[in-house]
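So the structure is just underneath, and the comments pick up after that.
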Amino acid sequence: MTNKDASQRELLRLFQKSGIFHFDVTGVEGSSLKDINLSKVDEYFSRYDVDFINESEEEKIRLLRNIDILTKDNEATVGGLLIFGINPQRYLLNASISFARFKGKEIAAELIDKQVIKGTLDIQIDTAFSLLKNNIVNSSEIVGTKRVAKNKTYPDKVFRELIVNACVHRDYSIHGSRIRILFFDDRIEFINPGRLPNTVTIEKLKAGVSYAVNPVIVKFMENLRYVDKLGRGLPMVYQEAKKLDKEVVFEEIGEEFKVALYL
């Protein structure tokens, strides 16, 4: 990589942080209409009583351009591929989730399970959520005739929100990193590439200030009912942790944002 390339990437991230530029609306070089799952697009449009699949080729392209799945040059956008792509990782290699389960409390502990989760964002979210649920073991005891959990755990919406938040708000212009979910004995860490936008602080996140590094992705995921655009997700996580007398830590480390959810 040349110094010029590095400078261009730094400028791009600077523009993203300030809200001037959004990477998810950019075209992906080499991609085209053939990389879009038109059946999935048709299912999406059917929510709005649009018979997409039976439209002419010209009208399909016009519609796809209008909602930022295709650019004016008929390349698939980053957001279009991540939501409706047939194989998004063909072009966006690290737009995926790395999941690791450790037996212990440190990164050097024994690695029990490791998986890379690929596909469109909805598939990544649902798969990561299932993996988390499968790895959460609730100790229990028999009380009378019933089995009762010894330790209270978080409701499902907490885990789901943190996975969705990582997928929707990561900086997809950082090509060398994946989202990482690290499951330790005492906590789960959700780490996504990219810093918070300039106007957003961790305290503002706890209070419900929402932000959209990727407005096209947010728009689609909100319409698919994965995202609450009101900014209630992270405050809900914070409040649920307080209810259980547990700790949740939000922090920026270098060019990454991390949420550590203590168990």
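The values are calculated or read from the model by the stated rules, or taken from the named source; none is laboratory data. Every value quoted in this text rests on a predicted model; they were computed, and no experiment measured them. For neighbour counting, all protein chains shown are included, and Cβ atoms are generated from backbone atoms with ideal geometry for every residue, glycine included.
Of note:
- Here the range 90-125 is the region considered, the condition is being in contact with a helix residue (DSSP H, G or I) (Cβ under 9 Å, 6 or more places away or on another chain) and assigned to a helix (DSSP H, G or I), and the residue that is nearest to Glu75 (Cα to Cα) is Arg90.
Conditions (1) surrounded by 15 or more Cβ atoms within 10 Å (Cβ to Cβ); (2) touching a Phe, Trp or Tyr at 6+ places or on another chain (Cβ under 8 Å), marked per residue:
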{"position": "His175", "(1), (2)": "no, no"}
{"position": "Arg178", "(1), (2)": "yes, no"}
{"position": "Lys204", "(1), (2)": "yes, no"}
{"position": "Asn214", "(1), (2)": "yes, yes"}
{"position": "Tyr226", "(1), (2)": "yes, no"}
{"position": "Gly233", "(1), (2)": "yes, no"}
{"position": "Met236", "(1), (2)": "yes, no"}
{"position": "Ala241", "(1), (2)": "yes, yes"}
{"position": "Glu256", "(1), (2)": "yes, no"}
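- Any hit, the range 32-39, residues being modelled with pLDDT under 95 and surrounded by fewer than 13 Cβ atoms within 10 Å (Cβ to Cβ): no
For every residue, the table says whether it meets (1) within 23 Å of Asp186 (Cα to Cα); (2) at pLDDT 95 or above; (3) surrounded by 13 or more Cβ atoms within 10 Å (Cβ to Cβ); (4) not basic (Lys, Arg).
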position: Val78; (1), (2), (3), (4): no, yes, yes, yes
position: Gln89; (1), (2), (3), (4): no, yes, yes, yes
position: Leu93; (1), (2), (3), (4): no, no, no, yes
position: Ile112; (1), (2), (3), (4): yes, no, no, yes
position: Gln115; (1), (2), (3), (4): yes, yes, yes, yes
position: Val137; (1), (2), (3), (4): yes, no, no, yes
position: Ile142; (1), (2), (3), (4): no, no, no, yes
position: Val148; (1), (2), (3), (4): yes, no, no, yes
position: Ile163; (1), (2), (3), (4): yes, yes, yes, yes
